[in-house]
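Structure record follows, encoded as structure tokens.
The values are calculated or read from the model by the stated rules, or taken from the named source; none is laboratory data. Everything quoted here is computed from the prediction, not taken from an experiment. We place every Cβ from the backbone using ideal geometry, glycine too, and count neighbours over all the protein chains shown.
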Amino acid sequence: MSDVWTGLRWVSLSLCAFVLSACAETEFLVHSAKRMSGIVSGPAEPGFKIGQPYQIQGVWYYPAENYQFDETGIASWYGVQFHGRRTANGEIYDMNSLTAAHRTLPMPSFVRVTNLENGRSLILKVNDRGPFARGRIIDISRRGAQLLGFHSTGTARVRVQIMADKSRALAARMRSRLQLADAGTPITVDRLPKPKVKTETLAPPPGAAVASGVAGPSVADEIRQNPPFQVRPEGTETASAPPGIVTLNPVRTTNLFIQAGAFGRFENANKVRARLSTVGPVKVSSVLIKGRDLFRVRVGPLSSVAEADRMLERVTRAGYPDARIIVD
């Protein structure tokens, strides 16, 4: 009998170890499955949402109203596989609209995304969570990627800055709507009559043609869905500018780094530098942020996004799950 009980204890311990080791991977798969199946946690109707902290692949993310957000990194884009599905705040994803997915910013809010490789800059509305791929800081709609000039390459070095005033105003407006709805008031918002619009199908412009043997929408369809955009030099955009305005900024040379962390004490940063010395070229640099001296530990510079992805994986496996790709 004692042998039986001993065997049962070993089986129980083995099952517990298996379950614990699978938790993180299971959580990531659940998130991915929701995105792929169209089942998204959140309200059934579009609304303002921040959300609770959540964990993906061992990394915790803390959604918050951060109106000082300004970060560089790698952008990606998503399109057909999610077109028509609900986003994390209840809107319907339209790959031809100017929207984006971010891990922590309020939904909805507005961000300016600048492609640091070609100088193109565009305002997008954040209405979804993601990207869930490590090493990416924002996921952009297909149309946004086209206007920013990285639709064909898949990724780009970008700077993401929250539009504080526009985002605060949008949050206040949406919260007011929720308060009115909770109070049961008959007052409604945006009830002004809308003018009737007549639509007409136009033929493609002279010289437009569809390549033979290529499946997909016609050129005329693309023109109707994605009208020509405007490009303006830096500093000429106004607050009332319509959506789709691409601003051109000066282009400068950038480098890719993996930042393992930023520390308040040099001794701690130097210990991390020593641990990562076998991974690649690693340096400690000081920076003043909000009146506080911090010591950043970075590996690099790296020659490409592919190399940065590989180095990020190595630094993560070395014990730094919060490491991220930095464009500087």
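Summary table
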{"quantity": "Cβ-Cβ under 6 Å pairs, at least 6 apart or on other chains, the range 47-70 side in contact (Cβ under 8 Å) with a residue 24 or more places away in the chain, far side assigned to a loop (DSSP other than H, G, I, E, B) and β-branched (Val, Ile, Thr)", "calculated": "Tyr61/Thr104; Pro63/Ile50; Pro63/Thr104"}
{"quantity": "Any chance Arg296 is under 26 Å from the mean Cα position of the chain (by Cα), of a type in the set (Lys, Arg) and in a strand (DSSP E or B)", "calculated": "yes"}
{"quantity": "Which listed residue is within 30 Å of Lys166 (Cβ to Cβ), at pLDDT below 55 and either surrounded by fewer than 13 Cβ atoms within 10 Å (Cβ to Cβ) or touching a helix residue (DSSP H, G or I) at 6+ places or on another chain (Cβ under 7 Å) (or both), from Pro228, Pro217, Pro205", "calculated": "Pro228"}
{"quantity": "Which numbered condition Ala100 fails, given (1) surrounded by 19 or more Cβ atoms within 10 Å (Cβ to Cβ); (2) at pLDDT below 95; (3) assigned to a strand (DSSP E or B)", "calculated": "(2)"}
{"quantity": "Flag if Ile138 is surrounded by 12 or more Cβ atoms within 10 Å (Cβ to Cβ), at pLDDT 95 or above and within 12 Å of the chain's Cα centre (by Cα)", "calculated": "yes"}
{"quantity": "Check on Phe132, among the aromatic types (Phe, Trp, Tyr), in contact with a strand residue (DSSP E or B) (Cβ under 7 Å, 6 or more places away or on another chain) and buried (at least 19 other Cβ atoms within 10 Å of the Cβ)", "calculated": "no"}
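One line per residue, one yes/no per condition, for (1) modelled with pLDDT under 60; (2) part of a loop (DSSP other than H, G, I, E, B); (3) in contact with a helix residue (DSSP H, G or I) (Cβ under 6 Å, 6 or more places away or on another chain):
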site	(1), (2), (3)
Phe18	yes, no, no
Thr26	yes, no, no
Ser32	yes, no, no
Gln81	no, no, no
Gly90	no, yes, no
